[in-house]
Amino acid sequence: MPKMKQLWSNRWVRLGVAALVVLILVLAPWNLDPATNQALARVGVFAVAVLGLNVIMGYTGQVSLGQIFFLGLGAYVTAYGVNEDWNIALVFLLAVVIPGIAGYVVALAAARLGGLAIAMVTIALPIIGVPLAKRLSDVTGGSQGTSARFTSAPDWFGADLDDIWQYYIVLAIAAAVFVLVHNLVRGKFGRALAIVKENEAVASSMGISPYRYKVMAFTIAAMIGGVSGFLYMVVVQYTSPETLAFHHSINLLASMVIGGAGSIAGSLLGGAYYVLVPNVTNEIDPTLTALIQGVILLVVLFVLPGGIASLPRVIRRLFQKKDGGGDRTAGRPTTATGTLKTH
Amino acid sequence: MGTFIQLVVDGLAMGSIYGAIALAIVLVNQSTGMINFAQGGMAVLSAYFAYALLGMGLPLILAILVAVAISFVLGALIERLLMRRFESGDPDTAVVVTIGLLTLITGIAGMVWSYNNLQFPSLFPPDSFSVLGAAVSWRSLGTFLTIAAIMVLLQLMFQKTKVGLALRAVADNPKSSAFSGLPVGRLLMIGWGLAAALGAVAGALVAPRLSLTPGMLDGALVYALAAVILGGASSPIGVVFAAWLIGVLENLAAVYVPFIGHDLKIAVPFVLLFVVLLVRPQGLFGRKTVVRV
Amino acid sequence: MNMRSKAVKAMGIVAIGSVVALTLAGCSRGGDAGGGDDGKGGDSGAPAASPGITDDAITLGVTTPLSGATAGPGNCTVAGLVAYFGQAGPIEFGDGKTREVTVEAFDDAYDPQKALSNFQQNQSNVFAFTSGLGTPTNRAYREAAIEEEVPQALVMTGDPLFSDRTESPWQLGFVPIYQNEGAAFGELLASSEEDHKVAILFQNDDYGKGYVEGFKSAIEGADNIEVVKELSYEATDTAVDAQLTELAASGADVFFNAMSITPLAIASIEKARELSWTPSWFLPSNTSSPGAILTPAAANAEDGFYSVSFAKAPQSPAFAEDEDVKGFLAALEEFSGDYTTKPDFPHCMWSYMVGATLEEAFKGMTEPTRENFMKSLTDISDFTAPLMLEGTSIDTTKDGQPAVASVVVQRFNGKGYENAESFD
């Protein structure tokens, strides 16, 4: 194991592995069938959605059960813009900015409230969002939804390669968002968020305003949600009020925890969980999907309470135990710093 | 005027349904400190147990009582075998476990009893009578009174009995409670068991009206959560009053505020919640919690 | 130092090797560009068979909600289909081959994104998609189906878009469009000699709005009919008490209730009785079952409960000895155990009819291709599927109309339904 650590600390090794990963991601779709590429693209969409949720929940410790609302809002903005024939770059910008503004406004009010109360305010978003989407039918197409076909592969790319084209769009945008967030949480901002999550009183005594950081985190989460909405339209090319139904928020939360809260890799795993588990349950028995999904969720959490992203840590600890409890500092104290405790 | 009273009466009836689940959520919250998303689902499963017992020939009241007893045991077992592992860790993980439990229970109910709407008989006669120009059904009145009675019982239990005090102590500070000699494990199990038993009663009261399906209480769960927060998670009386308030205000807003109408009336509980929380963060009847820094 | 540089070198070689391997392999898909997905044939001689069909087997796919709030009707959309092909056995196609029909169901939990996913994951293994429930879910993969030229045939939605042959060349709706059902009742009412005041309660989506649209267009110009109150409710509501209270206060004598949720339908009948409001009722075809709704709600037939239908209701005592119904119930019991054996929702009967219609289409096929299937499917006229009421039949040849365009207005007689010629 120390050899691995030495290898990893070598900059060239890290760059090499990164380059390899990028290469695999770029070349993979040419080797895979369209159905798999489409599934991968969808994983990208929801990985970004879970990433947004992680920013506000995993990293800042504030409960948000409204992430699906920002995804839906981004999707609707995209659909509207595409159907009005606006420039696609403008549409993307709006799909990020408009949910961001909505998130900012909600956060300004909600961030003053404590744990469970923020949860309720965020629950209100999709719950009110659905009838609102139906009521504003001139803009949203009402309960029948709107289609917006805009991601057919252009001729120079290859007319029949829609799935690869969509995969690349999702890959490019998702990778950019992931890199941005990764840098954000590694830096000063991320450290401030961690302190706010741990203990707000300590944070304010250090000059870090919990209120300001919560508002910022929530706005960022909403913007990322908007991006995932844009990507949703890229892949599905149809949206309806069903897109922002409340139970999807619950599934996103579950996906986040299963992937690994407060972790970049965890967001990716969470997106994979959200998309692939229904496919798996359909293969096993389409009439028992709820039962199988419940079992999978409980089993995963039972074995890995920290989510799948904690697997390397768990394995490392297992090995250390075998070596006679070598590196004590590897373990982290489990403090209940979560957000859904009411007292 | 007749319409107004009718809306109030109906709002109280609907609010009782929300209140029933809210009470069970409060019970778990007061004893373990966590929010159980599966509370509604467990209540539905209990109703299915009663339904199955009815099918075996038991009279209704007996079927319900046996289902209540089974639910108590089941609730305690769920705490011991499933939730125990997550209670001392990250609360978000614990909540997601309850979400998984809800999914599992829904799946089991769907598999065993199918997703069809099943008829569940009511404990009360189907007629209605007139009060101040409004029609009140015996079923609604019976539900309302039963929930009110349970609310009072729970409040008394928490405030006046040793068990109630012990449950609250364990929720507040498990370590100190253990040091004081309280059987923490057993109390946690009792808390969950009681909540499940309460849910069974709620399920049996509500099933005749909503028709028994695996997802019967999914819609009511959100309202129940709103009632819990609005009323203050530590007060049984508070959450039931909050639930009644939500039921009534929703109806009134839908009819008397045309802009809101029947499609956006669902916003009313949340706006109310928001306003109240800005002024009183602990809810209408909750106690202010002080956290040592 | 030595160890480290060796390790680094080893990793470098592995990396380069993988890159080369991937690039070479990558050319495989690139070379196939344009060859990929559907078997369009195009060689001279016998056309290549579409995916999902061989000389002795054909696979049908159904993406429908098998869990969640709409799982009741969703399970029925598969149960009837499976029962039909179970009792029919292998079918002789128009091209002379006898094939076994397999139905593969996929749960989409009424989520459009999952419906699209089900389509994408399975379109290369199934011959056609059929019988799926829901407008948003069917809409979600409609355009993909058109692009991939996969039939989306006889789906359970009354959305008119699916029956427009120009807009949806690879689709066909099965059930009457909502507007037709609403209009049928509107016509009956308009033909009445007396004046009537109508209160309307509709589900706040394309289903409810479609019913109201059809109803209103049928009573346009009828001086004796006046709509006095119109309210909506959400499919996710737990109660419609407030709406009933308002509607009862309007003094209407006819209640047009475009509702598709069973417990709410029962609750509205009970509430109306509590409020001492006794209008004549109209209920849509999928929420008017005597066994599931009217009897549990203790509906008083004297008030006048009207509905539209095209399928025989098995719970109706009038059909207790009917051969069709007996065969249907037996098949359901024998073959549909995975889904449901109790036809609590009309979708069970409807999907049984879908099976029969598909058999008709198969019998008219001369080539094992999807294109030929669509041609045969849209060429069925005057076909009375089992369980169809007298006066209704299947006609797939009319542009703008789904497979079932004709409905019969019926009136509840305390036990079952009988045809209503006029409104009294």
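The values are calculated or read from the model by the stated rules, or taken from the named source; none is laboratory data. Only a predicted model underlies this, so the values are computations on that prediction, with no experimental measurement involved. FYI the Cβ positions are ideal-geometry reconstructions off the backbone, even for glycines, and counts take in every protein chain you see.
Suppose we filter C:Leu172, C:Leu161 for residues that are free of Cβ contacts under 8 Å to residues at least 24 places away in the same chain and hydrophobic (A, V, I, L, M, F, W, C); which single one remains?
The conditions single out C:Leu161.
Check every one of the helices (runs of 4 or more DSSP H) wholly within segment C:315-424 and list those with 3 or more residues that are under 24 Å from C:Pro284 (Cα atoms) and in contact with a strand residue (DSSP E or B) (Cβ under 7 Å, 6 or more places away or on another chain).
Once the helices (runs of 4 or more DSSP H) in segment C:315-424 are filtered for at least 3 residues that are under 24 Å from C:Pro284 (Cα atoms) and in contact with a strand residue (DSSP E or B) (Cβ under 7 Å, 6 or more places away or on another chain), what remains is C:347-363.
B:Ala242: in contact with a Phe, Trp or Tyr (Cβ under 6 Å, 6 or more places away or on another chain), modelled with pLDDT of 85 or more and either under 28 Å from B:Gly107 (Cβ atoms) or among the hydrophobic types (A, V, I, L, M, F, W, C) (or both), yes or no?
Numbers: in contact with a Phe, Trp or Tyr (Cβ under 6 Å, 6 or more places away or on another chain): no; modelled with pLDDT of 85 or more: yes; either under 28 Å from B:Gly107 (Cβ atoms) or among the hydrophobic types (A, V, I, L, M, F, W, C) (or both): yes.
No.
How many residues does segment A:140-155 hold that are within 12 Å of chain C (Cβ to nearest Cβ) and either at negative phi or modelled with pLDDT under 85 (or both)?
Number of matching residues: 11.
When segment A:127-139 is examined, which residues are found to be more than 10 Å from chain C (Cβ to nearest Cβ) and at pLDDT 90 or above?
Result: A:Ile128, A:Gly129, A:Leu132, A:Ala133, A:Leu136.
Restricting attention to segment A:198-206, does a residue exist that is more than 14 Å from chain B (Cβ to nearest Cβ), over 21 Å from C:Pro136 (Cβ atoms) and either touching a helix residue (DSSP H, G or I) at 6+ places or on another chain (Cβ under 8 Å) or part of a helix (DSSP H, G or I) (or both)?
No, that holds for no residue.
Among the numbered conditions (1) at the interface with another protein chain (Cβ under 9 Å from one of its Cβ atoms); (2) among the small types (Gly, Ala, Ser); (3) in a helix (DSSP H, G or I), tell me where A:Ala102 comes up short.
Failed condition: (1).
Return the pair list, or none, for Cβ contacts closer than 7 Å from residues in segment B:246-271 that are within 9 Å of another protein chain (Cβ to nearest Cβ) and outside any helix (DSSP H, G or I) to residues that are surrounded by 19 or more Cβ atoms within 10 Å (Cβ to Cβ) and among the polar types (S, T, N, Q), at least 6 apart or on different chains.
B:His262/C:Ser232; B:His262/C:Gln243; B:Asp263/C:Asn204; B:Asp263/C:Ser232
I'd like the full set of residues that are within 12 Å of chain B (Cβ to nearest Cβ) and either over 20 Å from C:Pro296 (Cα atoms) or touching a Lys or Arg at 6+ places or on another chain (Cβ under 6 Å) (or both), limited to segment C:242-267.
So the first thing to find is which residues in segment C:242-267 are within 12 Å of chain B (Cβ to nearest Cβ), and the list is C:242-250, C:261-267.
Answer for segment C:242-267, where residues must be within 12 Å of chain B (Cβ to nearest Cβ) and either over 20 Å from C:Pro296 (Cα atoms) or touching a Lys or Arg at 6+ places or on another chain (Cβ under 6 Å) (or both): C:Ala242, C:Gln243, C:Leu244, C:Thr245, C:Glu246, C:Leu247, C:Ala248, C:Ala249, C:Ser250.
Is at least one residue of segment A:108-115 farther than 11 Å from A:Gly66 by Cα, in contact (Cβ under 8 Å) with a residue 24 or more places away in the chain, more than 10 Å from chain B (Cβ to nearest Cβ) and assigned to a helix (DSSP H, G or I)?
Yes, there is a match, as at least one residue in segment A:108-115 is farther than 11 Å from A:Gly66 by Cα, in contact (Cβ under 8 Å) with a residue 24 or more places away in the chain, more than 10 Å from chain B (Cβ to nearest Cβ) and assigned to a helix (DSSP H, G or I).
Within segment B:217-224, can one find any residue that is among the small types (Gly, Ala, Ser), assigned to a helix (DSSP H, G or I), over 14 Å from the mean Cα position of the chain (by Cα) and at pLDDT below 90?
no
Would you please name the residue that is surrounded by the most Cβ atoms within 10 Å (Cβ to Cβ), looking only at residues in segment C:202-241 that are under 25 Å from C:Ser191 (Cβ atoms) and within 14 Å of chain A (Cβ to nearest Cβ)? Quick ask: steps written out before the conclusion?
Our first condition is that a residue be under 25 Å from C:Ser191 (Cβ atoms); within segment C:202-241, this holds for C:202, C:208-230.
Now restrict to residues that are within 14 Å of chain A (Cβ to nearest Cβ): C:202, C:208-213.
Values: C:Phe202: 24, C:Gly208: 24, C:Lys209: 22, C:Gly210: 24, C:Tyr211: 31, C:Val212: 22, C:Glu213: 18.
Among those residues, the one meeting the criterion is C:Tyr211.
Check segment A:181-197 and report whether any residue there is within 14 Å of chain B (Cβ to nearest Cβ), within 28 Å of B:Met83 (Cα to Cα) and not in a helix (DSSP H, G or I).
No - not one qualifying residue is present in segment A:181-197.
When only residues in segment B:108-128 that are facing chain A (nearest Cβ under 8 Å) and out of contact with any Pro (no Cβ under 7 Å at 6 or more places or on another chain) count, which is surrounded by the most Cβ atoms within 10 Å (Cβ to Cβ)?
B:Ile108
Which one of these is more than 14 Å from every other protein chain (Cβ to nearest Cβ) and touching a helix residue (DSSP H, G or I) at 6+ places or on another chain (Cβ under 7 Å): B:Tyr48, B:Tyr18?
Numbers: B:Tyr18 fails: more than 14 Å from every other protein chain (Cβ to nearest Cβ).
After ruling out the rest, the residue left standing is B:Tyr48.
In segment B:33-45, which residues are more than 9 Å from every other protein chain (Cβ to nearest Cβ) and either surrounded by fewer than 24 Cβ atoms within 10 Å (Cβ to Cβ) or not in a helix (DSSP H, G or I) (or both)? Reasoning before the result, please.
Residues of segment B:33-45 that are more than 9 Å from every other protein chain (Cβ to nearest Cβ), as a first pass: B:36, B:38-45.
Within segment B:33-45, B:Asn36, B:Ala38 qualify.
Test of understanding: among B:Ile99, B:Ile70, B:Ile105, which residue is modelled with pLDDT of 95 or more, within 14 Å of chain A (Cβ to nearest Cβ) and either in a helix (DSSP H, G or I) or surrounded by fewer than 16 Cβ atoms within 10 Å (Cβ to Cβ) (or both)?
Residue meeting the stated conditions: B:Ile105.
If only one of B:Gly181, B:Gly199, B:Gly185, B:Gly164 is within 22 Å of the chain's Cα centre (by Cα), among the small types (Gly, Ala, Ser), surrounded by fewer than 23 Cβ atoms within 10 Å (Cβ to Cβ) and more than 14 Å from chain C (Cβ to nearest Cβ), which one is it? Steps first, answer last, please.
Details: B:Gly181 fails: within 22 Å of the chain's Cα centre (by Cα); B:Gly199 fails: surrounded by fewer than 23 Cβ atoms within 10 Å (Cβ to Cβ); B:Gly185 fails: within 22 Å of the chain's Cα centre (by Cα).
Being within 22 Å of the chain's Cα centre (by Cα), among the small types (Gly, Ala, Ser), surrounded by fewer than 23 Cβ atoms within 10 Å (Cβ to Cβ) and more than 14 Å from chain C (Cβ to nearest Cβ) holds for just one of B:Gly181, B:Gly199, B:Gly185, B:Gly164, which is B:Gly164.
Of all residues being small (Gly, Ala, Ser) and surrounded by fewer than 21 Cβ atoms within 10 Å (Cβ to Cβ) in segment C:318-355, which is nearest to A:Asp285 (Cα to Cα)? Just the residue, please. Break it down into steps so the answer makes sense when it comes.
Applying the first criterion (small (Gly, Ala, Ser)) to segment C:318-355 yields C:318, C:320, C:327, C:330-331, C:336-337, C:351, C:355.
Restricting the remaining residues to those that are surrounded by fewer than 21 Cβ atoms within 10 Å (Cβ to Cβ) gives C:318, C:320, C:327, C:330, C:337.
Details: C:Ala318: 38, C:Ala320: 34, C:Gly327: 27, C:Ala330: 24, C:Gly337: 13 Å.
This residue is C:Gly337.
Before we move on, is B:Gly238 more than 12 Å from chain C (Cβ to nearest Cβ), closer than 22 Å to B:Phe285 by Cα and crowded, with 24+ Cβ neighbours inside 10 Å?
yes
(1) of a type in the set (A, V, I, L, M); (2) crowded, with 22+ Cβ neighbours inside 10 Å; (3) in contact with a Pro (Cβ under 8 Å, 6 or more places away or on another chain): which one isn't true of B:Ala233, the others all being true?
(3)
If only one of A:Ala133, A:Ala159, A:Ala148, A:Ala172 is more than 20 Å from A:Phe69 (Cα to Cα), among the small types (Gly, Ala, Ser) and under 25 Å from the mean Cα position of the chain (by Cα), which one is it?
Values: A:Ala133 fails: more than 20 Å from A:Phe69 (Cα to Cα); A:Ala159 fails: under 25 Å from the mean Cα position of the chain (by Cα); A:Ala148 fails: more than 20 Å from A:Phe69 (Cα to Cα).
None of the others qualify; the one that does is A:Ala172.
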